[in-house]
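Written below as structure tokens is the structure these notes are about.
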Amino acid sequence: WIDGERAKENRGFERGQQISSSSLRVRPPPCRWARGTTECVPCSAASYPPSSFSRSYSSPPFSSLPPRPIISSLSSALPAKTNGYIRVDCYGGLNQMRRDFCDGIGIARILNATLVLPKFEVAAYWNESSGFADVFDVDYFIQQTKGFVEVLKELPEEIASREPYRVDCSKRKGQFDYVEAVLPVLLEHCYISLTPAISQRRDRFPLYSKAALCQGCYNALRLNKVLEGKGSEVFKSIPKPFVTLHLRFEPDMVAYSQCEYQGLSSTSLHAIEASRGDRKPWTGDAAHIWRNRGKCPLTPKETAFVLQSLKIPTNTTIYLAAGDGLMEMEDFTAVYTNVYTKSSLLNSEDIFRMHGNTKAALDYFVSINSDAYIATYFGNMDKMVSAMRAVNGHYKTLALSRRAFANFTAIGLKGVELADALWKSHREDFVMGRGTALPDCFCEFTL
């Protein structure tokens, strides 16, 4: 499926055959806000700075990738006087927190506020403590966002001693306006903490705010030197070429989906039941409808079958990007035996010292640089990775269809018939990264 020659385009999943570009529906490449214009232009027409990934130590072969495009601030200089200080409070896993912080960058620019380094609320998710600086390069972030939004490492003395006034916008829906709802509070209290609205309407942001958001997320956020060095070590240890597979089948993930599965081991069933809490599984017709809508995670066994249906050889080198606690993995590794994880590539002492966020950051680093990336669920990490891969010129990205698998098995397809149906349903489903993580950093244009 992969021959390691990055320069070759139009690789397909045909059964051992080459697919021509005319036989696939090719989506147009992403584009960016170019310097000195208020219109979005194709990346090929924009001017480019040096790659932001360049390091003094040996790293993945970024020299063959297109460098990052310049994003203009699309406005005059930042106003001389700030309206106050905003700290973005981020919850969940690493990529959910990254998404919320990116939104916070745009919001700070809308409100003409000074951004304070965010607070990562990781205790509930990882049962530990780790901050922004444990993952990202703070100085580089401040440097790259200069001219887009003002960022401070430390608050002025007169307000540093007090806690910010809490403003939680996470549950706000509909036509929510930050200027109307948040700016008066900011002006009154001077220092606030903010959780962005989940149902974000970035299309209503002014262009200078969109530019700040996109610059902050795609050009300014990079891993700190320690983590990027460790990520480079993991990357170099994996035999090339390789596929990164983001597999989600942890007990809490299955419990959250409210799905039931047949044929799981008693250990897996007990772990799922212990994680359910009040989220009881659907039963009867509701369970069938839920599964046919693609709401149930693929098991490792089902994932292996889908990959075989796409004629991905069983000797393919696979890097497994996943958290701790994956269930039923023996069903996958019995088929695909050439599987690597960060735990198998790093020494146990390194793994023991790492936080959950830093482990997730290593998976993210490998995922955006691998020859191909396959997602089984397409959650926050998959959306962010697919978009960043598009920015880097890596278009071999695919999301497996849980809905297609459920629909085909529901009508009784199995064996060769099921494999053929899955092949046909996936043949044009390459994910280009557009319209996923931050859709308003991308736009349509006519080829």
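Some notes on this structure:
- Which numbered condition Gly323 fails, given (1) at pLDDT 95 or above; (2) within 15 Å of the chain's Cα centre (by Cα); (3) open to solvent by 30 Å² or more (accessible area, probe 1.4 Å): (1)
Residues checked against (1) surrounded by fewer than 24 Cβ atoms within 10 Å (Cβ to Cβ); (2) at pLDDT 95 or above; (3) touching a strand residue (DSSP E or B) at 6+ places or on another chain (Cβ under 9 Å):
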{"site": "Arg87", "(1), (2), (3)": "yes, yes, yes"}
{"site": "Tyr91", "(1), (2), (3)": "yes, no, yes"}
{"site": "Leu94", "(1), (2), (3)": "no, no, yes"}
{"site": "Asp103", "(1), (2), (3)": "no, no, yes"}
{"site": "Ala113", "(1), (2), (3)": "no, yes, yes"}
{"site": "Ala124", "(1), (2), (3)": "yes, no, yes"}
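- Filter result for Lys301 (open to solvent by less than 80 Å² (accessible area, probe 1.4 Å) and within 21 Å of Ala404 (Cα to Cα)): no
- Helices (runs of 4 or more DSSP H) contained in the stretch 334-447 and holding at least 1 residues buried (at least 18 other Cβ atoms within 10 Å of the Cβ): 342-345, 356-369, 380-391, 402-410, 415-426
- Note on the stretch 339-359: residues that are under 14 Å from Ser237 (Cβ atoms) and in contact (Cβ under 8 Å) with a residue 60 or more places away in the chain amount to 5.
- If you go through the stretch 192-213 and pick out every residue that is at pLDDT 90 or above and within 17 Å of the chain's Cα centre (by Cα), you end up with 1.
- The one condition in (1) closer than 29 Å to Val416 by Cβ; (2) surrounded by fewer than 18 Cβ atoms within 10 Å (Cβ to Cβ) that Leu310 fails to fulfil: (2)
- Test: residue in the stretch 193-205 that is of a type in the set (Val, Ile, Thr) and assigned to a helix (DSSP H, G or I): no
- The residue that is nearest to Asp100 (Cα to Cα), counting only those in the stretch 168-192 that are assigned to a strand (DSSP E or B) and touching a Phe, Trp or Tyr at 6+ places or on another chain (Cβ under 9 Å), is Ile192.
- Subset tally (residues that are in contact with a helix residue (DSSP H, G or I) (Cβ under 9 Å, 6 or more places away or on another chain), crowded, with 17+ Cβ neighbours inside 10 Å and either modelled with pLDDT of 90 or more or of a type in the set (Lys, Arg) (or both)) for the stretch 154-174: 3
- Evaluating Trp282 against the criteria (1) under 24 Å from the mean Cα position of the chain (by Cα); (2) within 26 Å of Lys414 (Cα to Cα) leaves one unmet condition, (1).
- For the stretch 135-153, the criterion of being at pLDDT below 95, part of a helix (DSSP H, G or I) and among the charged types (D, E, K, R) is satisfied by no residue at all.
The values are calculated or read from the model by the stated rules, or taken from the named source; none is laboratory data. Computed from a predicted structure; not experimentally measured. Counting neighbours? That spans all protein chains shown, and the Cβs are built from the backbone with ideal geometry, glycine included. Keep in mind that these areas ignore ligands, DNA and RNA; they rest on the heavy atoms of the full protein, side chains included. Shrake-Rupley method; radii C 1.70, N 1.55, O 1.52, S 1.80 Å.
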